[in-house]
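Nothing in this text is a laboratory measurement; each read-out follows from the coordinates by a stated rule. Treat the numbers as computed from the prediction; the structure is a model and nothing was measured. Using ideal geometry, Cβ is built from the backbone for each residue, glycine included, and neighbour counts are taken over all protein chains shown.
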Amino acid sequence: MSDDPTTPPGRGRVRPAARLDGLRPSVIREMTRLALAHRAVNLAQGFPDFPPPPEILEAAQAAIARGDNQYTITWGIPPLREAIARTMQELYGLRFDPERHVAVTCGVTEAICAAILAVIDPGDEVVIVEPFHENYLPAVRFAAGREVYHALEAPLWELDPGRLARAFGPRTRAIVLNTPHNPTGRVFTREELEGVARLCIEHDVVAITDEIYDRIVHDGRRHLPLASLDGMAERTITIGGLGKTFAVTGWRLGFACAPEPLASALRTVHDFLTICAPAPLQHAAAAALAMPESYFERTRADYALRRERMMAIFDRHGFRAQAPEGAYYAMTDFSGLDARRDGEAFARLLTTEVGVAVVPGSSFYGTPGLGRSVVRWAFAKRLETLDEVDRRLERLPSVLAANPA
Ligand SMILES: Cc1ncc(COP(=O)(O)O)c(C=O)c1O
């Protein structure tokens, strides 16, 4: 959202690689910097402002004190890989051999990049469902692949296999699918996922799934991994993370589970991207995955309260939104409040003048013009923080009146 956020061209041979053309640093994280500069409450970037469970902090501190401070085995310490494989089996009936099929990565961001670099050849097409988390497009470009977008339609954001089929063609090599979905809050149903599975099988395509919010679902819903559907286990790279579930986004911990030969390819990429995830934090992650079911139940109940508070705030201040089914975001239409400004200008005004940072909807789209009159709010915050947002939004009508577009 700065004047020219894309990489400057340079001259002669002293210039950035052509694959960066049109790419820019993350808008979400740019909004965080703007929030810090203006002391705004940061509902832009998806991180909790409440602490992680004390058990896992103690496990991290104990690992450092014990001396677990050197490189680990590239794919992750065995107890963590075993915990990941056990969790996938217990929750979803998915069978992965921790010795061969699991890799611990530096966040889901790295896992997505490693997965795409592992399967995409130059010119291959990758289907990306819009709106999408910002890191998918750069990952496709790093691999010299070509993105093909399929846009979900507001307000229901349903996956319609008939329309999705138009994005598949002879050059399609992979689809990236995120459920529970950021930014819409959809948790895709079995019927919707079966439609995706049919297309993947018919076109012999790899599915790369981003399931980072699998433990944050609302109203008794259940997350369903695409890999658990018939015919999908052998063609899916299932990616998950610990940052959101355990409120440790700064620890940079994710993982990828895949069958051969995809797992070996991904492990090779991961080895040379980052060698391994932070050693002591891997020990804490193994402890985190062993937390009792009551922790996950409490987390869901707490998120239900935050969602309720956030929806009431939208209602009170004139933002239109669907209650999210999972994850901790809401996309809201602000056109009833300000029909003239686009999302970038609106998000900037909200951050600098009202003191509440959000993300312009357009940053979740690659198709120009989409997402213009929506902004995204991340509500992984203490209720007191959300109350402060409520108070600050009282000023919105006068700020809009004083700042005509
Ligand atoms: C859908 C989705 N994928 C990936 C990420 C990034 O995950 P990580 O912090 O583990 O790299 C996020 C973070 O907000 C996200 O919402």
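Values for this structure:
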| item | result |
| --- | --- |
| Cβ-derived FRET efficiency at R0 22 Å, Ala312 paired with Leu156, nearest 0.05 | 0.50 |
| Full-stretch length increase - Thr268, Arg100 - with 0.36 nm per residue and alpha-carbon distance subtracted | 59.3 nm |
| Antiparallel DSSP beta bridges within the chain, percent to nearest 5 | 50 percent |
| For peptides 15-24, 367-376, 381-390, sequence by mean Cβ density within 10 Å, most packed first | 367-376, 381-390, 15-24 |
| Most mobile listed residue (Ala165, Ala151, Ala288) in the chain, GNM with C-alpha springs under 10 Å | Ala165 |
| Span from the the stretch 13-56 Cα centroid across to the the stretch 257-335 one, whole angstrom | 16 Å |
| Normalised contact order of the stretch 70-289, rounded percent, pairs of Cα under 8 Å and 6 or more residues apart | 30 percent |
| Relative intensity, log₁₀ I(q)/I(0), of the chain from a Debye sum that treats every alpha carbon as a point, q = 0.08, 0.13 Å⁻¹ | -0.42, -1.16 |
| When the stretch 60-196 is reduced to its Cα atoms, the Kirkwood hydrodynamic radius in Å | 17.2 Å |
| Beta bridges by DSSP in the stretch 70-289, antiparallel share as percent, to the nearest 5 | 30 percent |
| Within a Gaussian network of the chain (alpha carbon springs, distance under 10 Å), most fluctuating of Ile313, Ile239, Ile208 | Ile313 |
| For peptides 294-301, 347-354, sequence by mean Cβ density within 10 Å, most packed first | 347-354, 294-301 |
| J(HN,Hα) series, the stretch 142-154, from Karplus relation 6.51 cos²θ - 1.76 cosθ + 1.60, nearest Hz, glycine and proline x | 4, 8, 6, x, 10, 7, 10, 8, 10, 8, 6, 10, 5 |
| Stokes-Einstein D in µm²/s, Kirkwood radius over Cα pairs - the stretch 70-289 at 20 °C with 1.002 mPa s viscosity | 125 µm²/s |
| Sum of -39500 (n - 2.57) over DSSP H runs of 4+, divided by residues of the chain (222 nm, nearest 500) | -11500 deg cm²/dmol |
| Label-point gap, in nm, between Ala405 and Arg222 - each point 7 angstrom along Cα→Cβ | 4.4 nm |
| Karplus 3J(HN,Hα) series, Hz, for the stretch 33-39 with 6.51 cos²θ - 1.76 cosθ + 1.60 (x for Gly, Pro) | 5, 5, 4, 5, 5, 10, 6 |
